[in-house]
Every structure is written in structure tokens, then in C-alpha cells.
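The values are calculated or read from the model by the stated rules, or taken from the named source; none is laboratory data. Everything numeric here is computed off the predicted structure, so don't read it as measured data. As a convention, Cβ positions derive from the backbone with ideal geometry for all residues, glycine included, and neighbour counts pool all protein chains shown. Just the protein is used for accessible areas: all its heavy atoms, side chains included, with ligands, DNA and RNA removed. Shrake-Rupley method; radii C 1.70, N 1.55, O 1.52, S 1.80 Å.
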Amino acid sequence: MADPSSYRPKPGQIPDSPGVYKFRDEHRRVIYVGKAKSLRPRLSSYFQDLANLHPRTRTMVTTAASVEWTVVSTEVEALQLEYSWIKEFDPRFNVKYRDDKSYPSLAVTLNEEFPRVQVMRGPKKKGVRYFGPYGHAWAIRETVDLMLRVFPVRTCSAGVFKNAARTGRPCLLGYIGKCSAPCVGRVTPDEHRELAEEFCDFMAGRTGQYLKRIEQEMHEAAEDMEYEKAARLRDDIGALRRALEKNAVVFNDATDADLIALAEDELEAAVQIFHVRGGRVRGQRGWVTDKVEAVDTAGLVEHALQQLYGEEQGDAVPKEVLVPAMPEDAPAVSQWLAARRGSNVSLRIPQRGDKKNLMATVQRNAQQALVLHKTKRASDLTTRSRALEEIAQALGLDSAPLRIECFDISHLQGDDVVASMVVFEDGLPRKSEYRRFQIKSFEGQDDVRSMHEVLTRRFRRYLQEKEKTGEWIQENGAGEVPAEPDPALEDDGRPKRFAYPPQLVVVDGGQPQVAAAQRALDELGIDDVAVCGLAKRLEEVWVPGEDDPVVLPRSSEGLYLLQRVRDTAHDFAIRYQRTKRAKRFRAGPLDDVPGLGETRKLALIKHFGSVKRLRSATIDQICEVPGIGRKTAETVAAFLAQAAPAAPAVNTATGEIIEDDEDTTAVAPVVSPPERGQQV
């Protein structure tokens, strides 16, 4: 535990101006990021008597070993810099809201020549218009199905679109009138884009004007006795109104607003957001977070606004944001939101009427989400704690293994040998720490040797990271201690890839694999990491140096956790091995030409049409390809002359040899042997 007075800045050293500050621990990792209107009083408040500090603040300042700050000109800049640093450094003592699931959104890919309507999850992409998020993907599909009657926008994938364009026949939606079939030229790109933009306008809430226009067209068609057209427009209006009915009307004045409500206790907080567009609830989402820093409701609101709008631009930021409490720097936050939207944003607390009533509904949702989360977490935490305790007792560990790493080897009959490392912390997977390895020291099938190599590489990196950060000091031959590492070399504060050691290493296998893993640790001088193996056949737990396995009861929570860790590592290794195998099977003669990248390979294939024609081309003809010089052309020609052409494909029904003029990869058909992921 560090003494805050040991790194307290000198009096008068802290500027009295807006800024952002970072606390770092003894290993130079950033553990907390904050901002202030005036840095001097804010930072001074951290260095008062520890007894007067909030328990979480006291833990933070005693964990830290240094503090630094950056002066900015305005509070808005401080807000933006704080958000950027929290996202970059992921400080352990900052509140970070995380989605409890990946919410789907309705997306329109306006960045394509023919925009596509589809369901999307995950990070937002540039040039794509998003609506939602929605609670369920089926809700999006029902809405889209109703609206395609009026806005027949493309919904098919790129492969289906290209195949329809090649054959000249649209898909089923094109035949039943739910797609304008731009793939076969029924509409021009401009006409299709106009349909997509009308679809976006309707989803954005501009519904009244569009419905009135269709109604007017319907009446005009009836007056002109075009009854079939009038009936079709009538049905279109009915479809649009049914789509609107799926979103409850909450405001009659076509309000665009986001309502944010919080429910919290001493340890956790839940936030719920309702997205209202055009007076209707268009989407809902929620987060739950641990309160790892001393923060009140206003601070939680500010963190939620940063999380919600930090990556948004334009109309994604609504005209009005309703919150339960105003942030401390409300004018700065409003200005920051306005900058992201490009126009004024009203940030306020609803006081009366429909907006206050809807805020109460959002608040009830937040409270229910917190109660549900705590119920699930209490049950899950009890189970995980019992599992870790059972593992510690079975293996004779001093304490429960809070960080477990599991390694698995996978190959296909000795080819494409790879390994995986998965990490579980406190009984939960930590996917950002997963790693993949290629076996480099030898070729062929030797699972024990592969396991030894992977463990050696992983823990050698761990020792290197310890040496860089100064955690591990080794005396040299003269008995002198090396100088401290230069802090400037490790000043980024980001978590290092292999910096954290596990308390337990699990390998997928029995005695030989466990012995190889223990030998790798012994050779590196690591004696504080336990090792065990889980054999798949009888689910036996093997430990180094023991002739008999440890048998856990079939109903043991500890065995369930070890099985889950092992199966996760196995699946991760299998996926990597399949990726490498597929890449190898797709490889062509040009892949091995030295100095020839993907861009120039595609240029050669596009110019000549196939590898067969490229092989018969002269050097001067190859030089005609844009980006290909004479030296590269000579290399390509020489390499293709040495490489044996692929065996021709044969039609087994007729016996005819299939010419490969259209072949772009020159790969003979391959029949994969039975797939096997070797468990170790």
C-alpha cells in the first residue's frame, strides 16, 4: 500500500485551470482518470487525511504511485479528453457502463451503391444509418417486412445480389413486390437510393407528411378511376400504420428525445435509456456497472452520457436529453452534446406532464433491471465461489485461483499445428486476454513438445514484461542490480498482453502434457503457478509428479468450471486451426511469389482472367499490368514456370476435363479428411 504523501505534488505546482488528470500505479498503469474545472482544489482533495476519504477513493490513492495532469483551455475539451482516456486506458477505478447484451439495430447501408436494410449488432460503421436499438431482432424483422411493401429496398446479402445479377433473375422478394430488384436493373441506382432515403425518413419519425402524400395519391387515383392503383396505395397506408402501431405513442408533438434513468445502491448502478423519435419509443437499452469510484447520481449521469454519445454524430444525438439529475458541469456537457449533434441540444430534468410520466416508467425499468441483475449475480457469484474453492481444495492451493489460464493444442493429422490460451478471471471468461499461437520450433505431430513450446513462450513473455515494468529484478554476475527501467519507455499506461500471471494453468490432457507444462515453468524459474491437466476420456484431473489422478465428483461445481475452461480453449483452438486450414486450401500459385502482395495479385488475375493465361504470358505482357514493374514481372514468370500447374478437374458424370480459363485461384478441388481437433 502506497503512501499518498510520497507522490503528492509540491505546493503551487498544480495549475488553477481546467484539465484532466491520471493516477498511475507503481507499474505505470493508469488506474484512474478524472477531470476538473480547476485542477488545484480537485487534486488537493485527494491528499487529505485518509480517514476523511470515501473508502473507494482511499483504495485508489493508496494503490496509486504517481499523478499527472494535462491542462486544457475549456471544460468541453476536458470532457472530451476524459472520455478518450477512459476508453484508451480502461482504468480499473473508473465507472464504465457495459451493455449486458448486444442490442440489435435496424441499419441502412447508405455507403453502398445499392443500400441494404438489415439487422446489425456491434460497433457502428461509417456511412450506415442506424435506428434503434431494439430489444429483439424479430421486432426489427416484423417492422421491415411491413415496410418493404411501401419501400421495396434491397435486403439480400452481397452474394445473393451478385448471383441474381449474374443470372438475370431476382430473388423471391423481387417477384412478390417486396424488393425493387435493382440487381436486374428494374430500377436505377438513383431510384433505389431515393427509396432507401424515404425509408430512413419514415423510420426517423417523419411519418405524418408521408402518409398524407400517399393518401392524396390514393384519392387522385380513385378520381381517375385507377382503382387497382388506389387499392394498392390503400394497402400501403394500412401496412405503414400497422408498423407505427408497434411503437407506442408517448408524445403527441413528434418529440425527438432520449430519456435516461438510474437505479443505484452502495455497490452497483443500473441505467436505462428509452429512445423516442417522432413521439414514439423507437428503442431501449440498459447497462449495469459496479460503482468502483465514489460518485453520486449526477456523476453517474455524466458517465452515462459519455458512454452513450461518445462515438455518435449528427441525428444520433437527439434534440432533447432528459435525465434524473443534472451533471456537475451541465453547461459544458450540453455544449459537448451540441458539438456532436451539430446543433443545440436541450439537457434537462422533466418537471411535469407526459415527459415526467415517461421518465417514471424508465425509472421503474432501471429499478427492475438492477434487482434482476443482483438476483442473478448473487446466485452466479455463490456458484463460482464454491467452484473456485473446490478446485483450490482438490489441488492443495493456498487460495482460490482467481485467474485461470487453459492451453490446448489442435491440428489436422500433423498439419497446421496451433495452440490456444483462454483466460478465466473470478470464474468468468475474459475474452480480451485470449491468445493464439502457431507452433514454430518443429513440424509434425507432437502434442507434448507443442505444449512445452507454448508454455515456454507465454511465460517468457511474462518475465519480459515484469522486467520492463521493474517488478522483477535479477542480479547480474557482478552482483549489481540493473538500473530501473526508463519510465518513458512504458508510459502509455495500457495493460500489457502477458503482464499478469495466473494462479492456475490448466492443460487439455493427461500426465505427459502436465509434465511438459511443469517442465516449461521449472526451466524459467517460475514456482508460484500451479499446473493441472484435465483428461477428456474420464474427466480426470492430473497434477505434476503424481501417478494417480485427482477425481472430482461428477456433480462438483469445480469440475464443471474446469470442463468449461477446457472446452472453451478447445473450441478456440479448433476455430483457429480451421481458419489456417481454409486459408491453405484456398492458396494459389501466386501466394508464394516473393514480394507480391494482395493488390498486385488481384491486378494480375483481373488483367489476364486466370492463372493459366498468366502462366502463358510473356514478361512484356505482364509488365502491361498497372503496378507491375519488369523485375516483378520476371519474378512472377520465373516462379510460375517452376510451379507445376494444378491437376485439371474432371466431370465424374461425363468424364470430360473441365477447362480452368475462369479459374482465379488455380486450386484443384480438395476433399478434406475427417476433421479432428487434437485434445492435449
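Assuming residue 508 fulfils every condition listed in (1) modelled with pLDDT of 85 or more; (2) open to solvent by 10 Å² or more (accessible area, probe 1.4 Å); (3) farther than 19 Å from residue 426 by Cβ; (4) not β-branched (Val, Ile, Thr) apart from one, which condition is it?
(2)
For residue 465, are the conditions met, namely being of a type in the set (Asp, Glu) and assigned to a helix (DSSP H, G or I)? Give the derivation first.
Working: of a type in the set (Asp, Glu): yes; assigned to a helix (DSSP H, G or I): yes.
Yes; evaluated as a whole, the condition is true for this residue.
Just give me the residues in the range 145-170 being under 33 Å from the mean Cα position of the chain (by Cα) and part of a loop (DSSP other than H, G, I, E, B), in sequence order.
Our first condition is that a residue be under 33 Å from the mean Cα position of the chain (by Cα); within the range 145-170, this holds for 145-148, 151-164.
Of everything in the range 145-170, those that are under 33 Å from the mean Cα position of the chain (by Cα) and part of a loop (DSSP other than H, G, I, E, B) turn out to be 148, 151, 152, 153, 155, 156, 157.
Hey, among the residues in the range 290-305 that are open to solvent by 10 Å² or more (accessible area, probe 1.4 Å) and not charged (D, E, K, R), which one's modelled with the lowest pLDDT? Quick ask: steps written out before the conclusion?
We begin by selecting, within the range 290-305, every residue open to solvent by 10 Å² or more (accessible area, probe 1.4 Å); these are 290-299, 302-303.
If we keep only those that are not charged (D, E, K, R) too, we end up with 292, 294-295, 297-299, 303.
Details: 292: 70, 294: 73, 295: 80, 297: 88, 298: 88, 299: 87, 303: 86.
Only one residue fits best here, namely 292.
Residue-wise test of (1) at pLDDT below 90; (2) open to solvent by 40 Å² or more (accessible area, probe 1.4 Å); (3) of a type outside the set (Gly, Ala, Ser).
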residue	(1), (2), (3)
412	yes, no, yes
429	yes, yes, yes
432	yes, yes, no
455	no, no, yes
463	yes, no, yes
470	yes, no, no
476	yes, yes, yes
481	yes, yes, yes
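Conditions tested, residue by residue: (1) under 30 Å from residue 467 (Cβ atoms); (2) surrounded by fewer than 17 Cβ atoms within 10 Å (Cβ to Cβ); (3) at pLDDT below 90.
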| site | (1), (2), (3) |
| --- | --- |
| 504 | yes, no, no |
| 532 | yes, no, no |
| 542 | no, no, yes |
| 564 | no, yes, yes |
| 576 | yes, no, yes |
| 580 | no, no, yes |
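Among the residues of the range 532-549, count how many are in a strand (DSSP E or B) and touching a Leu at 6+ places or on another chain (Cβ under 7 Å).
Residues in the range 532-549 being in a strand (DSSP E or B) and touching a Leu at 6+ places or on another chain (Cβ under 7 Å): 3 in total.
Looking only at the range 146-159, count how many residues are surrounded by 14 or more Cβ atoms within 10 Å (Cβ to Cβ) and out of contact with any Asp or Glu (no Cβ under 7 Å at 6 or more places or on another chain).
Counting residues in the range 146-159 that are surrounded by 14 or more Cβ atoms within 10 Å (Cβ to Cβ) and out of contact with any Asp or Glu (no Cβ under 7 Å at 6 or more places or on another chain) gives 8.
Need pairs with beta-carbon distance below 6 Å; first residue surrounded by 11 or more Cβ atoms within 10 Å (Cβ to Cβ) and within the range 1-30, second assigned to a strand (DSSP E or B) and of a type in the set (Phe, Trp, Tyr); sequence gap 6+ or separate chains.
Pairs found: 19/69; 21/69; 23/32.
Considering every residue within the range 306-324, establish whether at least one is closer than 30 Å to residue 46 by Cβ, in contact with a Ser or Thr (Cβ under 7 Å, 6 or more places away or on another chain) and outside any helix (DSSP H, G or I).
Checked against the condition, which is being closer than 30 Å to residue 46 by Cβ, in contact with a Ser or Thr (Cβ under 7 Å, 6 or more places away or on another chain) and outside any helix (DSSP H, G or I), the range 306-324 yields at least one hit.
Checking residue 186 against (1) at pLDDT 90 or above; (2) part of a helix (DSSP H, G or I); (3) open to solvent by 30 Å² or more (accessible area, probe 1.4 Å), which single condition isn't satisfied?
Exception for residue 186: condition (2).
Just a yes or no: is a residue in the range 219-229 at pLDDT below 85, open to solvent by less than 20 Å² (accessible area, probe 1.4 Å) and part of a helix (DSSP H, G or I)?
There is at least one residue in the range 219-229 that is at pLDDT below 85, open to solvent by less than 20 Å² (accessible area, probe 1.4 Å) and part of a helix (DSSP H, G or I).
For residue 59, all conditions in the list (1) free of Cβ contacts under 8 Å to residues at least 40 places away in the same chain; (2) farther than 14 Å from residue 292 by Cβ; (3) not basic (Lys, Arg) hold save one; what is the number of the exception?
(2)
Results for (1) in a loop (DSSP other than H, G, I, E, B); (2) within 19 Å of residue 332 (Cβ to Cβ); (3) within 27 Å of the chain's Cα centre (by Cα), shown as yes or no for each residue.
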{"residue": "10", "(1), (2), (3)": "yes, no, no"}
{"residue": "13", "(1), (2), (3)": "yes, no, no"}
{"residue": "16", "(1), (2), (3)": "yes, yes, no"}
{"residue": "32", "(1), (2), (3)": "no, no, yes"}
{"residue": "42", "(1), (2), (3)": "no, yes, no"}
{"residue": "79", "(1), (2), (3)": "no, yes, yes"}
{"residue": "84", "(1), (2), (3)": "no, yes, yes"}
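Any idea how many residues of the range 235-264 are modelled with pLDDT of 80 or more and in a loop (DSSP other than H, G, I, E, B)?
1
Where residues in the range 44-60 are closer than 23 Å to residue 302 by Cα and part of a loop (DSSP other than H, G, I, E, B), which of them is modelled with the lowest pLDDT?
Residue satisfying both the conditions and the ranking: 54.
The rows are residues; the columns are (1) farther than 25 Å from residue 424 by Cα; (2) touching a helix residue (DSSP H, G or I) at 6+ places or on another chain (Cβ under 9 Å).
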| site | (1), (2) |
| --- | --- |
| 566 | no, no |
| 575 | no, no |
| 582 | yes, no |
| 589 | yes, yes |
| 593 | yes, yes |
| 596 | yes, yes |
| 600 | yes, yes |
| 605 | yes, yes |
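Report, by residue number, each residue of the range 387-401 that is surrounded by fewer than 15 Cβ atoms within 10 Å (Cβ to Cβ) and either assigned to a strand (DSSP E or B) or touching a helix residue (DSSP H, G or I) at 6+ places or on another chain (Cβ under 7 Å) (or both).
399, the sole residue that qualifies.
Quick one: which residue in 130, 210 is within 27 Å of the chain's Cα centre (by Cα), within 27 Å of residue 317 (Cα to Cα), open to solvent by less than 70 Å² (accessible area, probe 1.4 Å) and among the aromatic types (Phe, Trp, Tyr)? Before the answer, list the steps.
On the way: 210 fails: within 27 Å of the chain's Cα centre (by Cα).
Of the residues listed, the single one that is within 27 Å of the chain's Cα centre (by Cα), within 27 Å of residue 317 (Cα to Cα), open to solvent by less than 70 Å² (accessible area, probe 1.4 Å) and among the aromatic types (Phe, Trp, Tyr) is 130.
Answer yes or no as to whether residue 319 is closer than 20 Å to residue 287 by Cα, surrounded by fewer than 18 Cβ atoms within 10 Å (Cβ to Cβ) and in contact with an Asp or Glu (Cβ under 8 Å, 6 or more places away or on another chain).
Taking the combined requirement at face value, the residue does not satisfy it.
Can you tell me which residue among 89, 47 is surrounded by 14 or more Cβ atoms within 10 Å (Cβ to Cβ), on the phi < 0 side of the Ramachandran plot and within 27 Å of the chain's Cα centre (by Cα)?
Checking each option against the conditions leaves just 89.
Given the conditions (1) aromatic (Phe, Trp, Tyr); (2) at pLDDT 80 or above; (3) open to solvent by 40 Å² or more (accessible area, probe 1.4 Å), which single one is not true for residue 138?
(2)
Could you tell me whether any residue of the range 365-374 is among the charged types (D, E, K, R) and at pLDDT below 85?
yes
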